[in-house]
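Report on the following structure.
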Amino acid sequence: MLRTLAIHRQIDGHPTITALVVYNIQAFCGQSAMFKINQIFKHHHDLKPLLQEADDRQQLQQCWAAVAPELSRLSHVLALHDGALTIAVQSGAVASRIRLMETQLLQKIRDFCQNSRKIKGLNLNAIKVKVQVKSRPQSKHKRIKAPSNHALNTLETYANEANNPALTAALRHFIDQQRDD
């Protein structure tokens, strides 16, 4: 599974999130497009460190997914700074679980890094957890479609056969309103 990485940097005084674009291109265009973009990033002096940081973060995410697969579905790696791995989670419950398991997770990560060729020498001494609740877009109220003529005719037939005067009146009122619209 490929996660989108957003790394904020300033290039020529302007903030940018170039890594986000790179990894989205890989997801949608395939390896050949990614190879070409990697070549551009590797040969541009401002973009090369950005690409390295994105690759490092992706390797940390892969490590996190291997060490804590059930937790990695509900979280992702944000950063590694001064020996502290910062993990973003979707809820307080997941954050509490990671905090309770911190020592075991640190040991698993160290063991994983010793066996990994890419992440050797990772000096990790803490896990920080940040809760980032996903904002939900406002739900769009679906407009109820008007009943078809066939449905209205069926309701009218039932209204004529109903033995309940209140139900008959309500059905006739509803049918009249729907036919007027």
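The values are calculated or read from the model by the stated rules, or taken from the named source; none is laboratory data. Fair warning: this is a prediction, and the values are worked out from it, not measured in the lab. Don't worry about glycine lacking a Cβ; one is built from the backbone with ideal geometry, like all the others, and counts go over all protein chains shown. For the accessible areas, the whole protein counts, side chains as well, though only heavy atoms, and no ligand, DNA or RNA atoms are used. Shrake-Rupley method; radii C 1.70, N 1.55, O 1.52, S 1.80 Å.
Scan LYS118, LYS130, LYS134 and give me the residue that is under 28 Å from the mean Cα position of the chain (by Cα), under 30 Å from GLN62 (Cβ atoms), open to solvent by 90 Å² or more (accessible area, probe 1.4 Å) and at pLDDT 90 or above. Please lay out each step first, then the result.
Numbers: LYS118 fails: at pLDDT 90 or above; LYS134 fails: at pLDDT 90 or above.
On inspection, the qualifying residue turns out to be LYS130.
State which residue is most open to solvent (accessible area, probe 1.4 Å) when the search covers only segment 78-89 and only residues that are part of a strand (DSSP E or B) and either of a type in the set (Asp, Glu) or under 16 Å from ASN125 (Cβ atoms) (or both). Give the derivation first.
Residues of segment 78-89 part of a strand (DSSP E or B): 78-81, 84-89.
Still in the running and either of a type in the set (Asp, Glu) or under 16 Å from ASN125 (Cβ atoms) (or both): 79-81, 84-87.
Numbers: ALA79: 37, LEU80: 69, HIS81: 122, ALA84: 8, LEU85: 8, THR86: 20, ILE87: 0 Å².
By that ranking, first place goes to HIS81.
Any residue in segment 70-77 that is in a helix (DSSP H, G or I), open to solvent by less than 20 Å² (accessible area, probe 1.4 Å) and of a type in the set (Ser, Thr, Tyr)? So that I can check it myself, show each step before the final result.
So the first thing to find is which residues in segment 70-77 are in a helix (DSSP H, G or I), and the list is 70-72.
Then drop every residue that is not open to solvent by less than 20 Å² (accessible area, probe 1.4 Å), which leaves 71-72.
Right, trim to of a type in the set (Ser, Thr, Tyr) and you get 72.
Yes, segment 70-77 contains at least one residue that is in a helix (DSSP H, G or I), open to solvent by less than 20 Å² (accessible area, probe 1.4 Å) and of a type in the set (Ser, Thr, Tyr).
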### First in segment 90-105 and in contact (Cβ under 8 Å) with a residue 12 or more places away in the chain and in a helix (DSSP H, G or I), second anywhere and among the polar types (S, T, N, Q) and open to solvent by less than 80 Å² (accessible area, probe 1.4 Å), Cβ under 9 Å, 6 or more apart
VAL94/SER75; ALA95/SER75; ILE98/SER75
### Message
Please go through segment 162-181 and give me each residue that is touching a helix residue (DSSP H, G or I) at 6+ places or on another chain (Cβ under 9 Å) and either open to solvent by 80 Å² or more (accessible area, probe 1.4 Å) or among the β-branched types (Val, Ile, Thr) (or both), ordered by number.
### Response
THR168, ARG172, ILE175, ARG179
